[in-house]
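One structure is given here, and the rest of the page talks about it.
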Amino acid sequence: MPPRPTPLVQELVVTLYGLYADPRTGELPVAGLVRLLDGVGVDGQAARATVSRLKGKGILDQRRAGGTSLYALSPDVLDLFRADDERIFAPVRSVPGDPWSLVVFSVPEAERNRRYELRSELASLGFGFVAAGVAIAPRTVLDQARERLAARGLDGYTECFAGEYLTGADIRAKVGQWWDLGALDEQYAAFIGDYEHLEAPSPDGPEADLAAFAAYVPMLTRWRRFPYRDPNIPLEYLPEGWKAPRAKAAFLRLHAQLAGPAGRHARRALEAT
């Protein structure tokens, strides 16, 4: 069994599409998706209920081919997922002296739900908050932030700037005020605790492939959250003993060891449908 806590089922679904959907169409047959979810401990009833819910939210699109129901991630979600992959496997960490990006936002009181949505969107992209209505992040994320805000119809509430920090105060102390680094470090520590000592199953064979799949898909799903929660600010500005590099080393090791056998199990599961 994979380590706990496991991600939400809908998060697992998105990961499965990113890994195993038909490369030409982006589709998975619903029976195949149910079999894949069974491999990470999600029973058929819960799997089908999740697919129906995601279809209702517009996250999955459906079509029929003969007697087969095929589902694909909606184009908007797929575009975001592809952009996410770049940050998951090749995040760019800024260095001292790099410029910062600022997003200044103002939302009318009558649209407070949009203010909450805007703050949540910025936080999910790794922004911290300098003051009410002022968000900060390394310059490296500004272009993606602008694209994401425009896609959500939130760009009309914002003004974006790039520049230097000129106050002269201890930037390391300021970073600790702008981001909740303690909570993020605890999440990295939990990931390390669950995965640093995990070993790839052996010997080779279908059972080992299934065990690899059951560990790999939840691990990748959990890791997908970090490149956004972590603003990738310079290591020189972070607390001593910052656990992100150690957690990343564990992730990359297991990704290299588990991706192949997990893929073999996925192919067998999809061929059986």
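The values are calculated or read from the model by the stated rules, or taken from the named source; none is laboratory data. The structure displayed is predicted, hence computed values, not measured ones. With ideal geometry, Cβ positions are generated from the backbone for all residues, glycine too; neighbour counts draw on all protein chains shown. All accessible areas refer to the heavy atoms of the entire protein, side chains included, with ligands and DNA or RNA removed. Shrake-Rupley method; radii C 1.70, N 1.55, O 1.52, S 1.80 Å.
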| said: As an exercise, identify the trypsin sites (Lys or Arg not before Pro) in segment 120-174 lying in DSSP coil whose Cβ has no more than 16 other Cβ atoms within 10 Å. | reply: 152
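Tell me what the chain gives for mean residue ellipticity at 222 nm when only DSSP H runs of n ≥ 4 count, each as -39,500 (n - 2.57), the sum divided by the residue total, rounded to 500 deg cm²/dmol. Working shown, then result.
Details: 11 runs with 145 residues, N = 273.
Calculated from helices alone, the mean residue ellipticity at 222 nm is -17000 deg cm²/dmol.
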| field | Spacing of the two label points (7 Å from each Cα toward its C-beta) at residue 249 and residue 190, in nm | value | 2.3
| Once the piece of chain linking residue 208 and residue 240 is laid out straight, how much longer is it, given 0.36 nm per residue of separation minus the C-alpha distance between them? | 7.7 nm
| HN-Hα J in Hz across segment 131-139 - Karplus 6.51, -1.76, 1.60, θ = phi - 60°, x for Gly and Pro | 7, 4, x, 9, 10, 9, 7, x, 4
| Measuring with a 1.4 Å probe in the full set of protein chains, what accessible area per residue, in whole Å², belongs to the chain? | 51
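As an exercise, find the ratio Rg/Rh for segment 133-246 from alpha-carbon atoms, using the Kirkwood inverse-distance average for Rh.
Details: Rg = 19.0 Å, Rh = 17.3 Å.
Answer for segment 133-246: 1.10.
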| Considering the values (i) 1.01; (ii) 1.03; (iii) 0.96, which represents Rg/Rh (Cα atoms, Kirkwood Rh) as calculated for the structure under consideration? | (i)
| remark: Using alpha-carbon coordinates alone, the radius of gyration and Dmax of segment 86-163 in Å work out to 12.6, 40
| Which ³J(HN,Hα) values, rounded to whole Hz and listed in residue order, are derived for segment 255-272 from phi using the Karplus coefficients 6.51, -1.76 and 1.60 in 6.51 cos²θ - 1.76 cosθ + 1.60 with θ = phi - 60°, glycine and proline given as x? | 4, 5, 7, 9, 4, x, x, 5, x, 5, 4, 4, 4, 5, 5, 6, 5, 7
